[in-house]
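Chemist: Provided herewith is a single structure, encoded as structure tokens, for subsequent inquiry.
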Amino acid sequence: MISLLEEEKEKKFSSSEESNNNNGTVPMASSSTQTTNQSSGDDNNNGSSTIDLINNNNNNVVGDVSSNDTTDDGSSVAILGDLFGNTLNGTSTTIKKKKKRGQHSNLYALTVAPNYDKSLEKYKPLIQVDPSLELFSKYKTQPTTDDLANSTTTDSTTTSTDITNTAPKNMVPLEVLEQAKVIPGLFLDGFLEYYQSGLFTDATVICRSKEYRVHKLIICYRSGYFRQVFSNDPTMQVHVIDDKTPSMELCNLDEVFPFVIEFLYTGKIEITQFNVVSLKLIANLLDISPLKCEVENFLVAYVNEDNVFDILNSAIQSNDSAIKSICVDSIAFHFDTLHGKFVDKVFKTSSDDTSQKIPLDIFFSVIGNKNMKSNVNELRVKIVSNIVEQFIKEFNAMENIELFKQMINAATESKSLDLNLAIKYLKHCDARGEELREQSIRCSQALAFNFHFLLTSTSSNIIFDILPSSFVELLKYDELYIRDEDQVYDIACKYVEHNKDTLTEEQKKEIFKCVRYTYLSVQLLTKLKQDPLFISKEDILEALWARVGRLEGKKVDESVYSLRPRKNRVFIYEKDFDTNGILYWLGTNYSQETYVNPIDRGLMTVSASASYEVGKAQDLISHEPAKCNLVGKANTQINLKFETLKIMPTKYTLRHTMSRDGEALRYWTLSASVDGVTYVDLLVHSNDTTLNLKGSTGSWDIEANGNYYQYFRITQTGNNSSNNNYLSMAGLELYGLVNRICDE
């Protein structure tokens with residue numbers, strides 16, 4: 001451990017030492033007059049070197065070493081030997097700073113102690129304590145158990161040599177009792193001056209015929225490449241960098257290599273758009289992890305729509321996977337604007353510009369990228385589906401199993417395959433049997449994610465043409481997007497009716513087993529109890545008992561498929577404050593009970609940044625008209641949290657208070673958040689006059705951005721219709737796609 005310790009005033013330090021002695025600990029320095037023995041010759045030289053080191057690293061520290069020196073003025077001294085338990089030739093070295101009579105003690109000591117962690121089998125980091133601070137850190141030594149028993153109290157007349165002789169031999173690092181401020185280490189600026197002066201160099205590195213005199217220890221510290229080279233041959237004095245490798249031919253070695261060597265000494269380097277690729281190539285070659293990290297961080301911030309393809313081209317030529325990955329993420333993130341260039345570079349056939357053509361592995365990586373999935377929208381699905389069709393046609397992928405697999409895997413991974421193509425390729429997979437079984441499942445998943453929209457589209461009948469096995473897989477998905485379980489039963493009936501001449505009785509039973517009967521409406525369950533179709537009365541009774549159990553608060557056994565709730569659901573708007581909304585669904589305990597406010601059911605948390613003039617939190621989201629007004633406050637916020645759901649909203653409805661006609665919302669935003677910290681605006685209302693009379697309602701479409709949110713916020717951004725900042729609202733409803741995040 002390296003530390004520079006500042007002493008307090010003599011009185012405070014003496015008190016501190018006295019306390020330490022009473023506790024049986026060995027003090028670092030005596031506050032009384034001490035005698036310092038110095039040996040002549042080499043020992044004096046060593047002391048001077050230590051002083052020079054202190055002077056070089058802290059201008060406030062002045063060392064003075066002399067034989068038989070005594071501190072007549074009461075200044076304190078620290079003994080280096082105390083920290084090791086012994087000293088060379090039985091002597092100890094004292095470093096002190098003289099002070100004028102009447103001044104407070106200002107002695108500093110450079111203390112070096114072993115700091116080896118046996119459990120980790122390595123030395124702990126070294127630190128430097130700033131001696132210029134008014135903070136005073138108390139330290140105590142931690143002797144071993146045996147030494148602690150033998151330790152004795154040292155009085156104020158004990159000499160330095162006596163203290164050294166009584167110090168434990170197995171001294172462990174000092175323990176900080178009061179934390180001092182930690183500042184950067186002694187070698188903050190690295191060893192650049194030694195490299196530039198050539199002092200103490202012990203090896204030569206040659207790159208492009210230019211010689212660089214270096215220090216093995218320093219360059220091996222940051223470079224795994226040099227560490228390996230000099231470990232294999234410790235006596236090596238000269239090493240030549242191989243600049244003939246393909247990656248180095250793309251690198252501007254003459255220009256950037258000197259800066260890389262300096263980076264090994266200082267840890268500092270300037271990265272620009274002109275040298276970033278070369279630096280990454282050299283960092284890879286020399287295995288310099290910190291430089292790799294710096295370059296990649298720069299690229300993440302620097303890569304944009306204008307330069308991404310140029311950087312990608314360099315990365316492809318150098319086969320740098322890290323840079324390729326950054327470029328792929330960027331292309332996917334900006335796909336709506338870059339898809340034209342992307343398509344041109346994928347399907348480019350010009351023989352004179354093959355270097356610009358994007359390899360297929362990059363193509364698949366972009367299509368299946370996480371950024372494609374997180375930013376999916378109707379336009380993007382259409383664009384990607386067109387690209388998929390073009391690819392399969394250009395490369396004859398219907399006949400090339402491996403290409404077809406990669407294409408389907410990528411498109412379904414990002415949920416970018418439209419309904420028509422999903423059904424088309426599902427049929428193709430079914431025709432090829434087991435060799436495309438995984439892709440068949442993936443296409444079924446694509447249908448499941450869009451199931452409700454499929455049923456409401458003009459081409460809904462196409463679902464009846466897929467194989468029974470694929471239809472069963474489709475209905476089994478927990479992620480099946482439906483309005484309710486009644487819809488699943490209805491489509492099962494239609495499929496069986498459409499294929500009644502080809503389906504076996506066993507296949508019909510398998511299809512109806514996919515319906516989760518316990519989640520059917522009471523009306524449909526009652527009907528089935530009287531006239532069951534491909535299901536026994538016993539199964540109906542079991543579903544009813546499971547429903548009763550849920551109402552009584554019993555835990556649902558989700559390992560049983562038929563008892564497990566669907567994770568996804570679609571809520572479609574019909575009219576303002578109908579019974580099709582998400583909040584109403586929560587109020588009925590997922591369509592199982594009479595409506596109760598979702599807050600009272602513990603399924604929602606609602607708060608406001610202003611106090612209530614009239615009403616309460618429940619009234620802000622009430623399904624029925626109510627009186628609710630918040631007192632005037634600028635930028636008032638209403639915060640909502642769904643405890644069990646994440647929502648991709650497509651529409652929302654608000655109601656004005658029943659208290660008065662005036663003070664209706666005019667300027668406000670609806671925003672949403674995934675984590676409750678970072679919010680994005682979904683809709684911004686500016687002088688919106690929809691709400692006027694008391695109890696009036698309004699509904700607004702929200703463009704789905706592919707993201708699901710658990711937190712929502714309404715912020716009043718300007719004055720209301722009465723030109724004040726009172727917020728009046730007494731009703732809220734949301735519609736869209738829902739994903740459950742925990743059990744009911």
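Chemist: Residues of the range 508-523 being crowded, with 16+ Cβ neighbours inside 10 Å and without any contact (Cβ under 8 Å) to a residue 40 or more places away in the chain, which ones?
Modeler: Selection gives LYS508, PHE512, LEU520.
Chemist: All but one of (1) within 25 Å of SER416 (Cα to Cα); (2) modelled with pLDDT under 95; (3) not basic (Lys, Arg) hold for CYS742; state the number of the condition that does not hold.
Modeler: Here CYS742 meets the rest and fails (1).
Chemist: When you scan the range 403-471 for helices (runs of 4 or more DSSP H) that lie fully inside it, which ones turn up with 1 or more residues that are touching an Asp or Glu at 6+ places or on another chain (Cβ under 9 Å) and either of a type in the set (S, T, N, Q) or on the phi > 0 side of the Ramachandran plot (or both)?
Modeler: The qualifying helices (runs of 4 or more DSSP H) are 437-449.
Chemist: Starting from residues that are part of a strand (DSSP E or B) and among the aliphatic types (A, V, I, L, M), keep the ones in the range 720-735 and report whichever is surrounded by the most Cβ atoms within 10 Å (Cβ to Cβ).
Modeler: Among those that are part of a strand (DSSP E or B) and among the aliphatic types (A, V, I, L, M), it is LEU727.
Chemist: Being modelled with pLDDT of 85 or more and touching a Gly at 6+ places or on another chain (Cβ under 8 Å): is that true of THR235 here?
Modeler: no
Chemist: Another one. Residues in the range 652-678 that are at pLDDT below 95 and basic (Lys, Arg): how many?
Modeler: Adding up the residues that qualify gives 1.
Chemist: Follow-up. Would you mention how many residues in the range 451-491 are among the charged types (D, E, K, R) and closer than 17 Å to GLN439 by Cα?
Modeler: Final tally of qualifying residues: 2.
Chemist: Follow-up question, since we're still on this one. Could you identify the single residue in ILE261, ILE271 that is assigned by TED's automatic domain parsing to the domain that holds ASP242, among the hydrophobic types (A, V, I, L, M, F, W, C), closer than 24 Å to ASP242 by Cα and assigned to a loop (DSSP other than H, G, I, E, B)?
Modeler: On the way: ILE261 fails: assigned to a loop (DSSP other than H, G, I, E, B).
The unique qualifying residue is ILE271.
Chemist: Kindly provide the set of residues from the range 563-590 that are buried (at least 17 other Cβ atoms within 10 Å of the Cβ) and under 14 Å from GLU485 (Cβ atoms), ordered by number.
Modeler: LEU563, PRO565, ARG566, ASN568, ARG569, VAL570, TRP585, TYR590
Chemist: While we're here: Among ASP576, ASP486, ASP539, ASP501, which is the only one that is outside the structural domain of LYS651 (by TED's automatic domain parsing) and under 21 Å from VAL738 (Cβ atoms)?
Modeler: ASP486
Chemist: Could you figure out which of (1) assigned to a helix (DSSP H, G or I); (2) touching a residue at least 24 places away in the same chain (Cβ under 8 Å) isn't true of GLY340?
Modeler: (2)
Chemist: For residues that are in a loop (DSSP other than H, G, I, E, B), touching a residue at least 12 places away in the same chain (Cβ under 8 Å) and out of contact with any helix residue (DSSP H, G or I) (no Cβ under 7 Å at 6 or more places or on another chain), tally how many sit in the range 204-258. Step through it out loud before you land on a result.
Modeler: Applying the first criterion (in a loop (DSSP other than H, G, I, E, B)) to the range 204-258 yields 208-209, 215, 223, 233-237, 241-245, 250-252.
Imposing the further condition that a residue be touching a residue at least 12 places away in the same chain (Cβ under 8 Å) reduces the set to 208, 215, 223, 236-237, 241, 243, 245, 250-252.
Checking which are out of contact with any helix residue (DSSP H, G or I) (no Cβ under 7 Å at 6 or more places or on another chain) leaves us with 237, 241, 245.
Of the residues in that region, 3 qualify.
Chemist: Could you please let me know if VAL488 is part of a helix (DSSP H, G or I), over 30 Å from TYR573 (Cβ atoms) and either at pLDDT 90 or above or in contact with a strand residue (DSSP E or B) (Cβ under 7 Å, 6 or more places away or on another chain) (or both)?
Modeler: no
Chemist: If we scan the range 604-619, do we find a residue that is closer than 24 Å to LEU737 by Cβ, in contact (Cβ under 8 Å) with a residue 12 or more places away in the chain, in the same structural domain as GLY676 (by TED's automatic domain parsing) and surrounded by fewer than 17 Cβ atoms within 10 Å (Cβ to Cβ)?
Modeler: There is at least one residue in the range 604-619 that is closer than 24 Å to LEU737 by Cβ, in contact (Cβ under 8 Å) with a residue 12 or more places away in the chain, in the same structural domain as GLY676 (by TED's automatic domain parsing) and surrounded by fewer than 17 Cβ atoms within 10 Å (Cβ to Cβ).
The values are calculated or read from the model by the stated rules, or taken from the named source; none is laboratory data. Source: prediction; values computed, not measured. Don't worry about glycine lacking a Cβ; one is built from the backbone with ideal geometry, like all the others, and counts go over all protein chains shown.
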